[in-house]
Amino acid sequence: MSEDGQVRLAGSNFTAEGRVEIYHNNEWGTICDDGWGMEEANVVCHQLGYKKGAQYWYSNAKFEEGQGKIWLDDVVCYGNESRLTHCRNIGWNGHNCHHYEDVGVLCLPKSK
């Protein structure tokens with residue numbers, strides 16, 4: 001069972017990279033790339049258990065366009081937040097985007 005604010009990566013054959021999707025109101029949705037950078041990517045990777053954080057972030061739907069809701073836009077993190085929902089944003093479903101602006105990340109591999 002997914003919980004509100006949970007994140008996952010989709011659209012890639014590799015588990016450490018993909019389109020960032022976030023769960024809200026019983027539905028998975030995407031995040032717009034407006035204002036997105038390494039701080040936000042690091043928060044996503046940390047939330048997913050990648051202790052070393054992100055290696056890179058992507059804009060313009062590098063991992064295919066998502067479906068359904070675009071849940072978040074204008075996300076601003078410091079990089080030390082434990083969850084993406086702890087970062088500033090303009091609110092659920094508040095956006096001026098299209099799915100061709102879906103954001104993606106590449107997380108640094110997990111340590112053995």
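The values are calculated or read from the model by the stated rules, or taken from the named source; none is laboratory data. Because the structure is a prediction, the values reported are computed rather than measured. Reconstructed Cβ throughout: ideal geometry from the backbone, glycine too, with neighbour counts over all protein chains shown. Areas reflect the complete protein model, heavy atoms only, side chains present, ligands, DNA and RNA absent. Shrake-Rupley method; radii C 1.70, N 1.55, O 1.52, S 1.80 Å.
Is it true that Val76 is crowded, with 21+ Cβ neighbours inside 10 Å, modelled with pLDDT of 95 or more and not acidic (Asp, Glu)? In short, no. Of all residues in segment 79-92, those that are closer than 22 Å to Gly49 by Cα, surrounded by 15 or more Cβ atoms within 10 Å (Cβ to Cβ) and modelled with pLDDT under 95 total 1. Please enumerate the residues belonging to segment 93-111 that are under 19 Å from Glu17 (Cβ atoms) and either part of a strand (DSSP E or B) or open to solvent by 10 Å² or more (accessible area, probe 1.4 Å) (or both). If the condition is that a residue be under 19 Å from Glu17 (Cβ atoms) and either part of a strand (DSSP E or B) or open to solvent by 10 Å² or more (accessible area, probe 1.4 Å) (or both), then His99, Tyr100, Glu101, Asp102, Gly104, Val105, Leu106, Cys107, Leu108, Pro109, Lys110, Ser111 are the ones that fit. Residues in segment 52-61 that are of a type outside the set (A, V, I, L, M) and under 9 Å from Glu101 (Cα atoms): Ser59, Asn60. Gln55 fulfils the conditions (1) closer than 18 Å to Ala41 by Cα; (2) modelled with pLDDT under 95; (3) polar (S, T, N, Q) except for a single criterion, (2). Looking only at segment 49-73, residues that are crowded, with 20+ Cβ neighbours inside 10 Å and acidic (Asp, Glu) come to 1 in all. Residues in segment 29-48 that are out of contact with any Gly (no Cβ under 7 Å at 6 or more places or on another chain) and either open to solvent by less than 30 Å² (accessible area, probe 1.4 Å) or without any contact (Cβ under 8 Å) to a residue 24 or more places away in the chain (or both): 8 in all. Restricting segment 16-28 to residues that are touching a strand residue (DSSP E or B) at 6+ places or on another chain (Cβ under 7 Å) and either without any contact (Cβ under 8 Å) to a residue 60 or more places away in the chain or aliphatic (A, V, I, L, M) (or both), the residue that is nearest to Ile90 (Cα to Cα) is Ile22. Against the criterion of being open to solvent by less than 50 Å² (accessible area, probe 1.4 Å) and of a type in the set (Ser, Thr, Tyr), Tyr23 qualifies.
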